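These notes concern the structure reproduced below.
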């Protein structure tokens with residue numbers, strides 16, 4: 001365990017040095033991250049111009065959902081998604097060998113190698129927006145609700161990672177599908193809308209996407225005090241199942257990896 | 001003729017990568033569908049008339065947006081910026097006796113055709129499955145005008161995205177510009193909802209910029225929501241944008257190519 005902490009500390013420093021080497025790019029990345037953050041808030045504002053509430057969510061709550069989404073996705077893009085994006089390229093170009101030869105767990109090394117600090121600006125934006133909205137809605141935060149909120153954010157992070165990894169593993173079987181990672185970025189948008197929205201659709205159409213609908217809805221419900229234990233247990237069970245499934249598919253796919261000629 | 005041969009080769013390439021092509025198509029499909037689901041709930045909760053528009057109008061708009069995005073929204077800027085400029089592949093194009101601009105157009109066209117085909121299949125399937133009849137332009141003259149607007153949208157989209165891609169000649173990294181461009185395009189092209197439902201100030205900005213001529217106007221032209229005179233006005237505006245962007249492209253290409261170092265930026 002100590003070895004992993006040491007590796008991660010060095011990776012944090014190395015990624016920070018890379019960031020500082022291209023400062024103009026950092027500025028553009030921050031602008032870009034902010035643009036994506038504002039984008040979703042704009043979408044909700046536009047969609048709710050004439051509709052005060054949808055699916056039992058008021059306009060303020062939908063904006064809060066957008067704020068929490070930005071907090072969540074800021075952390076996810078900073079610490080996880082770029083690694084999975086990178087691994088798709090490594091498989092496509094046949095360079096996965098370098099990852100597999102490292103003396104640490106392959107799944108972990110594919111997850112922690114790259115850190116995109118600029119994405120954390122989305123977390124800051126989302127946190128600011130959420131605080132403002134909570135104050136506006138006169139919702140008071142308690143220590144337990146904040147702890148529970150971050151616990152669900154972490155669970156959501158694990159769930160989204162477990163959702164992405166089996167798709168990445170698929171690329172080992174068909175490297176030409178490396179653009180599936182772009183589709184995963186789009187699929188993550190499913191979590192930006194309330195879970196109740198998908199209840200109207202036939203289960204066979206959205207069954208695969210249902211785990212994603214829990215990711216943002218749960219922590220947001222904690223903030224607006226609509227939290228329920230049944231929904232929480234649903235999230236924990238889905239996390240466990242998806243986590244095990246992701247680990248199994250990754251190991252299974254690696255057994256079929258045939259290096260650069262695959 | 002030589003460009004037709006290049007096109008034929010790229011068509012083969014796209015068919016070889018049909019799975020990849022389908023994944024790209026799904027990416028364009030997802031967001032309009034999410035908005036359609038969002039609105040369908042809003043309309044249902046309002047008893048069918050509480051929102052801005054009816055389900056039929058909404059479904060027609062978002063499905064046509066999917067078709068138009070698939071046919072017209074070019075993604076060549078990523079190739080230009082990341083592969084050609086950042087990784088230095090532009091050098092091979094410069095050594096060939098073909099125009100870079102036309103070569104890239106021939107590369108992109110088969111992708112647009114394939115995605116458009118997938119989108120039309122989805123559109124027809126939805127019409128048959130949902131048993132919904134959508135308003136579509138009917139008279140031959142108006143169909144011809146709608147086709148001209150659609151083709152105009154493709155040209156604007158292509159030149160604009162080529163211009164964005166060439167900006168990588170001045171920047172080390174393109175991710176930042178790409179992100180801003182994506183967001184601005186999303187907001188101002190009419191993908192989120194029809195521009196006529198936007199707040200007036202934002203709608204005025206959207207009408208003034210070229211993005212709406214790539215998605216919004218082709219969609220409402222195909223829907224038959226534009227009067228003849230408005231269609232001609234849109235074509236006129238598209239021509240002005242094509243000319244202006246082409247001139248800008250020539251300037252940017254001339255200035256930018258002097259900065260290209262052939263081994264990646």
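Only one residue in B:78, B:87 is in contact (Cβ under 8 Å) with a residue 12 or more places away in the chain, exposed (fewer than 15 other Cβ atoms within 10 Å of the Cβ) and within 14 Å of chain A (Cβ to nearest Cβ). Which one?
Values: B:78 fails: exposed (fewer than 15 other Cβ atoms within 10 Å of the Cβ).
After applying the criteria, what remains is B:87.
Among the residues of region B:169-190, what is the count of those that are touching a helix residue (DSSP H, G or I) at 6+ places or on another chain (Cβ under 6 Å), part of a loop (DSSP other than H, G, I, E, B) and within 12 Å of chain A (Cβ to nearest Cβ)? Qualifying residue count for the region: 4. Among the residues of region A:90-105, those that are crowded, with 16+ Cβ neighbours inside 10 Å and either over 25 Å from the mean Cα position of the chain (by Cα) or in contact (Cβ under 8 Å) with a residue 24 or more places away in the chain (or both) comprise A:91, A:92, A:96.
Does any residue of region A:201-208 turn out to be on the phi > 0 side of the Ramachandran plot, out of contact with any strand residue (DSSP E or B) (no Cβ under 7 Å at 6 or more places or on another chain) and not in a helix (DSSP H, G or I)? Checking region A:201-208: not a single residue is on the phi > 0 side of the Ramachandran plot, out of contact with any strand residue (DSSP E or B) (no Cβ under 7 Å at 6 or more places or on another chain) and not in a helix (DSSP H, G or I).
Scan the helices (runs of 4 or more DSSP H) fully inside region A:1-117 and keep the ones with 1 or more residues being away from chain B (no Cβ under 14 Å). Walk me through it before giving the result.
Numbers: elements: A:2-21, A:23-47, A:59-76, A:82-92, A:96-100, A:106-112.
Because the criterion is at least 1 residues that are away from chain B (no Cβ under 14 Å), the helices (runs of 4 or more DSSP H) in region A:1-117 that meet it are A:2-21, A:59-76, A:82-92, A:96-100, A:106-112.
Every condition in (1) assigned to a helix (DSSP H, G or I); (2) over 27 Å from residue B:33 (Cα atoms) is met by residue A:141 except one, and the failing one is (1).
Out of region B:16-26, which residues are in contact (Cβ under 8 Å) with a residue 40 or more places away in the chain and more than 7 Å from chain A (Cβ to nearest Cβ)? Matches in region B:16-26: B:18, B:21, B:22, B:25.
In summary, residue A:230 fulfils each of the numbered conditions (1) assigned to a helix (DSSP H, G or I); (2) more than 14 Å from every other protein chain (Cβ to nearest Cβ); (3) surrounded by 14 or more Cβ atoms within 10 Å (Cβ to Cβ) with the single exception of condition (3).
Would you mind stating whether residue B:93 is on the phi < 0 side of the Ramachandran plot, part of a helix (DSSP H, G or I) and surrounded by 16 or more Cβ atoms within 10 Å (Cβ to Cβ)? For residue B:93, the condition - on the phi < 0 side of the Ramachandran plot, part of a helix (DSSP H, G or I) and surrounded by 16 or more Cβ atoms within 10 Å (Cβ to Cβ) - is not met.
Counting only residues that are away from chain A (no Cβ under 14 Å) and either part of a loop (DSSP other than H, G, I, E, B) or closer than 21 Å to residue B:251 by Cβ (or both), region B:138-168 holds 13 of them.
Looking for something part of a helix (DSSP H, G or I), out of contact with any helix residue (DSSP H, G or I) (no Cβ under 8 Å at 6 or more places or on another chain) and either at the interface with chain B (Cβ under 10 Å from one of its Cβ atoms) or modelled with pLDDT of 90 or more (or both) - is there at least one such residue anywhere in region A:157-164? Checked region A:157-164: no residue is part of a helix (DSSP H, G or I), out of contact with any helix residue (DSSP H, G or I) (no Cβ under 8 Å at 6 or more places or on another chain) and either at the interface with chain B (Cβ under 10 Å from one of its Cβ atoms) or modelled with pLDDT of 90 or more (or both).
Just wondering, is there one or more residues in region A:52-59 that are surrounded by fewer than 18 Cβ atoms within 10 Å (Cβ to Cβ), touching a strand residue (DSSP E or B) at 6+ places or on another chain (Cβ under 8 Å), closer than 18 Å to residue A:133 by Cα and modelled with pLDDT under 85? Yes, region A:52-59 contains at least one residue that is surrounded by fewer than 18 Cβ atoms within 10 Å (Cβ to Cβ), touching a strand residue (DSSP E or B) at 6+ places or on another chain (Cβ under 8 Å), closer than 18 Å to residue A:133 by Cα and modelled with pLDDT under 85. When region A:159-194 is filtered for residues that are free of Cβ contacts under 8 Å to residues at least 40 places away in the same chain and more than 18 Å from residue B:31 (Cβ to Cβ), the ones remaining, listed by number, are A:167, A:174, A:177.
So in region B:120-137, with the set limited to residues that are assigned to a helix (DSSP H, G or I) and surrounded by 14 or more Cβ atoms within 10 Å (Cβ to Cβ), which one is modelled with the highest pLDDT? Only one residue fits best here, namely B:120.
Could you list, in sequence order, all residues of region A:165-178 that are crowded, with 20+ Cβ neighbours inside 10 Å and facing another protein chain (nearest Cβ under 9 Å)?
Residues of region A:165-178 crowded, with 20+ Cβ neighbours inside 10 Å: A:165, A:168-169, A:171-172, A:177-178.
A:177, A:178 - these are the residues of region A:165-178 that are crowded, with 20+ Cβ neighbours inside 10 Å and facing another protein chain (nearest Cβ under 9 Å).
Only one of the numbered conditions (1) at pLDDT 95 or above; (2) within 26 Å of residue A:31 (Cβ to Cβ); (3) touching a helix residue (DSSP H, G or I) at 6+ places or on another chain (Cβ under 8 Å) is not met by residue B:154, and that is (2).
The values are calculated or read from the model by the stated rules, or taken from the named source; none is laboratory data. From a predicted model like this one, the values you see are computed outputs, not experimental measurements. Here the Cβ is made from the backbone with ideal geometry for all residues, glycine too, and neighbour counts use every protein chain on show.
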